[in-house]
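> Provided herewith is a single structure, encoded as structure tokens, for subsequent inquiry.
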Amino acid sequence: MTAAAFTPDEMMTIAASRALSSSDVCFVGIGAPSAACNVARLTHAPDITLIYESGTIGTAPDVLPLSIGDGELCDTAVTTVSVPEMFRYWLQGGRITIGFLGAAQLDRFGNINTTVIGDYHNPSTRLPGGGGAPEIATSCGEIYITCKQSKRALVEKIDFFTSFGHGEGGDHRERLGITTRGPTLLITDLAIWKPDPVTKEFTVVSLHPGVTRENVQETCGWTVRFADSLEETPAPTALEIGTLRDLKARTAAAHSGK
Amino acid sequence: MATFLSLADAVRENLHDGDVVAFEGFTHLIPHAAAHEAIRQGFRDLTLVRMTPDLVYDQMIGMGMAKKLIFSYAGNPGVGLLRRLRDAVENGWPNSPEIEEHSHAAMANAYEAGAAGLPLAVLRGYRGAGLAEVNPNIRSIICPFTGEKLAAVPSIRPDVSFVHAQKADRKGNVLVEGIIGIQKEAVLAAKRAVVTVEEIVDDLSTHTNACVLPDWTITAIAVVPGGAHPSYTHGYYDRDNAKYIEWDRIAADRDSFTAWMKENVLEATPDDFNDRVADLRRAR
């Protein structure tokens with residue numbers, strides 16, 4: 001069953017998992033990033049080091065955590081450190097190769113907003129805020145982002161700079177003295193995007209199976225740039241889709257409280 | 001020296017209107033029972049400090065106890081937004097608490113600086129981040145050795161910190177295990193510290209490098225089995241994820257929130273926590 005049916009969400013998670021390797025040390029955000037990181041660990045990247053901001057280093061959960069501090073993460077970790085140690089020695093110390101973030105609002109330069117919709121001091125929607133993201137975005141070697149496409153999520157201008165991507169583009173990170181690479185990969189439910197080498201604007205390099213350029217543009221708030229040689233993302237394999245669904249099923253059973 | 005008290009007495013003697021108070025717990029060991037006791041005793045004008053204000057702060061905000069919030073992630077982890085906090089910030093119900101918002105890295109550093117007796121914390125943080133523009137307590141400092149510009153935030157020095165932990169020995173030394181989060185720093189940074197524990201034991205029977213808070217760093221200890229619920233206590237009971245999911249519905253509406261608080265907090269007691277974790281206890 002290599003041509004198994006799959007949802008756009010599943011394609012997003014699996015495409016994201018493929019970007020990870022066994023040699024990566026990955027700081028995992030919750031939600032889609034957590035699923036992608038664990039699918040990678042359970043398929044092609046068994047030796048990947050997964051780190052959650054609660055202090056768990058080298059964790060291998062059997063079910064996806066609901067929060068970043070579920071007991072499962074600690075039970076299966078190589079070691080669990082305090083939160084100050086996590087942010088000082090491990091993140092700020094430069095030990096993390098990849099930070100994997102989700103986004104409520106994202107612009108074409110990979111700047112992320114998870115703080116407010118509207119004005120900061122008088123918001124129409126107060127979102128949870130940044131948590132670890134402001135420093136994850138600048139201290140990890142590079143940043144991968146996953147986000148479901150919609151005109152509300154992929155916007156021309158974000159309402160708040162929760163975490164800094166490429167700013168206004170070009171050499172904006174360098175101008176701020178930031179030496180890490182920032183966002184190098186955006187995986188949505190429709191496509192894979194990479195920043196232009198010079199402008200740093202996210203450019204579509206691969207469309208997921210069955211997705212058209214129009215689909216991508218219709219669900220994006222800026223005028224989308226496509227690479228000259230546009231590829232098609234390989235469909236999920238039976239192993240990938242089976243691993244993801246098993247993981248989700250175990251997770252749903254564990255979180256229902258039954 | 002730590003004094004063993006009932007939870008009601010421990011809260012009454014150590015928390016006061018207008019205090020800067022931290023009820024800490026990074027997902028694990030959240031002192032729900034202590035927070036509920038504070039709600040029952042009806043404190044006002046509190047500055048609530050916490051990295052991850054989740055359900056308990058949503059409840060305290062909804063009950064009108066907060067004058068100010070200092071935090072770095074105000075969500076229901078894995079579920080969504082905090083609806084009582086949103087109602088307060090967006091609509092001023094029941095009041096409009098002042099907001100001082102940081103990143104996790106900054107707050108962790110600020111607690112550590114508080115524990116270390118320093119006036120500020122220094123970190124390589126907030127570069128390009130919008131919070132630096134809206135929070136006047138995020139400033140910068142130049143490294144006198146390298147010239148690097150670094151972020152500076154004031155240390156956190158609560159009047160009182162509340163944490164939950166696994167166990168205390170009879171003298172009052174407390175063991176914290178698992179995701180230890182910011183528990184040690186929250187206690188050592190505060191003027192007073194109140195710890196709720198699952199049990200009292202003769203011997204903590206732990207290894208030499210374990211996270212132990214000596215009895216003389218703690219003001220009061222109250223034994224409250226299940227006192228972290230619906231958070232968890234590693235080695236005692238699991239996180240009640242279903243309750244976190246359920247909270248989203250309860251907190252969505254002012255009336256359902258108020259009714260839930262009356263039934264489950266105002267008319268409840270610390271002893272109720274033991275029953276709430278009965279099904280979650282692991283075979284040890």
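> Would you point out which residue out of B:Arg249, B:Arg254, B:Arg284, B:Arg276 is of a type in the set (D, E, K, R), at pLDDT below 95 and farther than 21 Å from B:Glu13 by Cα? Break it down into steps so the answer makes sense when it comes.
Details: B:Arg249 fails: at pLDDT below 95; B:Arg254 fails: at pLDDT below 95; B:Arg276 fails: at pLDDT below 95.
The unique qualifying residue is B:Arg284.
> Out of curiosity, is B:Met60 surrounded by 24 or more Cβ atoms within 10 Å (Cβ to Cβ) and within 11 Å of another protein chain (Cβ to nearest Cβ)?
Numbers: surrounded by 24 or more Cβ atoms within 10 Å (Cβ to Cβ): yes; within 11 Å of another protein chain (Cβ to nearest Cβ): no.
In short, no.
> Which condition does B:His36 not pass, out of (1) away from chain A (no Cβ under 14 Å); (2) free of Cβ contacts under 8 Å to residues at least 40 places away in the same chain, if it passes all the others?
Among (1) away from chain A (no Cβ under 14 Å); (2) free of Cβ contacts under 8 Å to residues at least 40 places away in the same chain, B:His36 violates only (2).
> A further question on this structure: Of all the residues that make up the range B:70-97, how many are under 18 Å from the mean Cα position of the chain (by Cα) and more than 9 Å from chain A (Cβ to nearest Cβ)?
3
> Return the residue satisfying two criteria in turn: it lies in the range A:138-168 and is closer than 25 Å to B:Thr146 by Cα and part of a loop (DSSP other than H, G, I, E, B), and of such residues it is nearest to the other protein chains (Cβ to nearest Cβ).
A:Phe164
> Determine if the range A:211-234 includes at least one residue that is buried (at least 22 other Cβ atoms within 10 Å of the Cβ), away from chain B (no Cβ under 14 Å) and under 30 Å from B:Ala106 (Cβ atoms).
At the first step, the residues of the range A:211-234 found to be buried (at least 22 other Cβ atoms within 10 Å of the Cβ) are A:220.
Remaining after also requiring away from chain B (no Cβ under 14 Å): A:220.
Next, only the ones that are under 30 Å from B:Ala106 (Cβ atoms) stay: none.
No, the range A:211-234 has no match at all.
> Which of the residues that make up the range B:110-166 are over 19 Å from B:Arg50 (Cα atoms), among the charged types (D, E, K, R) and out of contact with any helix residue (DSSP H, G or I) (no Cβ under 8 Å at 6 or more places or on another chain)?
B:Glu133, B:Arg139, B:Glu148, B:Lys149, listed by residue number.
> At the interface with chain B (Cβ under 9 Å from one of its Cβ atoms), free of Cβ contacts under 8 Å to residues at least 40 places away in the same chain, crowded, with 18+ Cβ neighbours inside 10 Å and among the β-branched types (Val, Ile, Thr): is that true of A:Thr125 in this structure? Write out each step before concluding.
Numbers: at the interface with chain B (Cβ under 9 Å from one of its Cβ atoms): yes; free of Cβ contacts under 8 Å to residues at least 40 places away in the same chain: yes; crowded, with 18+ Cβ neighbours inside 10 Å: no; among the β-branched types (Val, Ile, Thr): yes.
Taking the combined requirement at face value, the residue does not satisfy it.
> Can you name the residue in the range A:5-38 that is outside any helix (DSSP H, G or I) and in contact with a helix residue (DSSP H, G or I) (Cβ under 7 Å, 6 or more places away or on another chain) and, of all such residues, is surrounded by the most Cβ atoms within 10 Å (Cβ to Cβ)? Let's see the steps before the verdict.
We begin by selecting, within the range A:5-38, every residue outside any helix (DSSP H, G or I); these are A:5-7, A:19-31.
Checking the rest, the ones that are also in contact with a helix residue (DSSP H, G or I) (Cβ under 7 Å, 6 or more places away or on another chain) come to A:6, A:20, A:26-28.
On the way: A:Phe6: 19, A:Leu20: 23, A:Cys26: 25, A:Phe27: 28, A:Val28: 26.
Looking at the filtered set, the residue picked out is A:Phe27.
> While we're on this one: Could you run through the range A:169-211 and say how many residues are assigned to a loop (DSSP other than H, G, I, E, B) and touching a helix residue (DSSP H, G or I) at 6+ places or on another chain (Cβ under 7 Å)?
We begin by selecting, within the range A:169-211, every residue assigned to a loop (DSSP other than H, G, I, E, B); these are A:169-171, A:176-182, A:189-190, A:196-201, A:208-211.
The next check asks that each one be touching a helix residue (DSSP H, G or I) at 6+ places or on another chain (Cβ under 7 Å); those that pass are A:178, A:180, A:182, A:189-190, A:208.
Residues meeting the conditions: 6.
> Okay, next question. Limited to the range B:126-165, what total is found for residues that are of a type in the set (D, E, K, R), out of contact with any strand residue (DSSP E or B) (no Cβ under 6 Å at 6 or more places or on another chain) and farther than 27 Å from B:His16 by Cβ?
Residues in the range B:126-165 being of a type in the set (D, E, K, R), out of contact with any strand residue (DSSP E or B) (no Cβ under 6 Å at 6 or more places or on another chain) and farther than 27 Å from B:His16 by Cβ: 3 in total.
> Let me ask something additional. Pick out the one residue from A:Gly182, A:Gly165, A:Gly130 that is modelled with pLDDT under 95 and closer than 23 Å to A:Cys37 by Cβ. Give the steps one after another, and end with the answer.
Working: A:Gly182 fails: modelled with pLDDT under 95; A:Gly165 fails: modelled with pLDDT under 95.
Going through A:Gly182, A:Gly165, A:Gly130 in turn, the sole match is A:Gly130.
> OK, next. How many residues, within the range A:59-82, are within 24 Å of A:Thr146 (Cβ to Cβ), touching a helix residue (DSSP H, G or I) at 6+ places or on another chain (Cβ under 6 Å) and without any contact (Cβ under 8 Å) to a residue 40 or more places away in the chain? Show your work before the answer.
Step one: filter the range A:59-82 for residues within 24 Å of A:Thr146 (Cβ to Cβ), giving A:59-70, A:72-73, A:76-77.
Now narrow it down to the ones that are touching a helix residue (DSSP H, G or I) at 6+ places or on another chain (Cβ under 6 Å): A:59, A:61, A:63-66.
Still in the running and without any contact (Cβ under 8 Å) to a residue 40 or more places away in the chain: A:59, A:61, A:65.
Going through the range A:59-82 one residue at a time, the tally reaches 3.
> Considering B:Trp247, B:Trp216, B:Trp260, which residue is of a type outside the set (Asp, Glu), part of a helix (DSSP H, G or I) and under 26 Å from B:Arg157 (Cβ atoms)? I'd like the intermediate steps shown before the answer.
Working: B:Trp247 fails: under 26 Å from B:Arg157 (Cβ atoms); B:Trp260 fails: under 26 Å from B:Arg157 (Cβ atoms).
That would be B:Trp216, the only listed residue that is of a type outside the set (Asp, Glu), part of a helix (DSSP H, G or I) and under 26 Å from B:Arg157 (Cβ atoms).
> Which is surrounded by 19 or more Cβ atoms within 10 Å (Cβ to Cβ), in contact (Cβ under 8 Å) with a residue 24 or more places away in the chain, within 14 Å of chain A (Cβ to nearest Cβ) and not in a loop (DSSP other than H, G, I, E, B), of B:Ala186, B:Ala193?
On the way: B:Ala193 fails: within 14 Å of chain A (Cβ to nearest Cβ).
When all the criteria are applied, what remains is B:Ala186.
> Within the range B:229-243, track down each residue that is in a helix (DSSP H, G or I) and either surrounded by fewer than 19 Cβ atoms within 10 Å (Cβ to Cβ) or at pLDDT 95 or above (or both). So that I can check it myself, show each step before the final result.
Residues of the range B:229-243 that are in a helix (DSSP H, G or I), as a first pass: B:241-243.
Scanning the range B:229-243 gives B:Ala242, B:Lys243.
> Being more than 10 Å from every other protein chain (Cβ to nearest Cβ) and under 21 Å from the mean Cα position of the chain (by Cα) narrows it down to one residue among A:Gln92, A:Gln105; which is it? Walk me through it before giving the result.
On the way: A:Gln92 fails: more than 10 Å from every other protein chain (Cβ to nearest Cβ).
So the residue among A:Gln92, A:Gln105 that is more than 10 Å from every other protein chain (Cβ to nearest Cβ) and under 21 Å from the mean Cα position of the chain (by Cα) is A:Gln105.
> So, of the residues in the range A:170-198 that are more than 14 Å from chain B (Cβ to nearest Cβ) and out of contact with any strand residue (DSSP E or B) (no Cβ under 9 Å at 6 or more places or on another chain), which turns out to be surrounded by the most Cβ atoms within 10 Å (Cβ to Cβ)?
Per the criteria, the residue is A:Val198.
> Here's another thing I want to ask about it. Taking into account only those residues within the range B:98-141 that are surrounded by fewer than 19 Cβ atoms within 10 Å (Cβ to Cβ) and of a type in the set (Gly, Ala, Ser), which is nearest to B:Thr27 (Cα to Cα)?
So the residue we want is B:Ala116.
A quick yes/no check of all residues on (1) over 17 Å from the mean Cα position of the chain (by Cα); (2) away from chain A (no Cβ under 11 Å):
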position: B:Cys211; (1), (2): yes, no
position: B:Ala222; (1), (2): no, yes
position: B:Tyr232; (1), (2): no, no
position: B:Asp238; (1), (2): yes, no
position: B:Ala242; (1), (2): yes, no
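> Only one of these conditions is not met by A:Phe27: (1) within 18 Å of the chain's Cα centre (by Cα); (2) on the phi > 0 side of the Ramachandran plot. Which number is it?
Against the list (1) within 18 Å of the chain's Cα centre (by Cα); (2) on the phi > 0 side of the Ramachandran plot, A:Phe27 comes up short only on (2).
> Sort through B:Asp279, B:Asp203, B:Asp275 and tell me the only one that's without any contact (Cβ under 8 Å) to a residue 24 or more places away in the chain and loosely packed, with under 13 Cβ neighbours inside 10 Å. Steps first, please.
Numbers: B:Asp203 fails: without any contact (Cβ under 8 Å) to a residue 24 or more places away in the chain; B:Asp275 fails: without any contact (Cβ under 8 Å) to a residue 24 or more places away in the chain.
Result of the check over B:Asp279, B:Asp203, B:Asp275: B:Asp279.
> In this structure, is B:Gly78 modelled with pLDDT under 95 and either in a loop (DSSP other than H, G, I, E, B) or surrounded by 24 or more Cβ atoms within 10 Å (Cβ to Cβ) (or both)?
yes
> Sticking with this structure for a sec: Sort out which residues of the range B:272-282 are part of a loop (DSSP other than H, G, I, E, B) and under 20 Å from the mean Cα position of the chain (by Cα), and write them in order of number. Steps first, please.
So the first thing to find is which residues in the range B:272-282 are part of a loop (DSSP other than H, G, I, E, B), and the list is B:277, B:282.
Correct list: B:Val277 only.
> Looking at A:Ser150, A:Ser124, A:Ser206 in this structure, which one is within 19 Å of A:Asp228 (Cβ to Cβ) and small (Gly, Ala, Ser)? If you could, list the steps in order and put the result at the bottom.
Values: A:Ser150 fails: within 19 Å of A:Asp228 (Cβ to Cβ); A:Ser124 fails: within 19 Å of A:Asp228 (Cβ to Cβ).
From the options A:Ser150, A:Ser124, A:Ser206, the qualifying one is A:Ser206.
The values are calculated or read from the model by the stated rules, or taken from the named source; none is laboratory data. This is a predicted model, so every value here is computed, not measured. Neighbour counts are summed over all protein chains in view; Cβ atoms, including those assigned to glycine, are modelled from backbone coordinates with ideal geometry.
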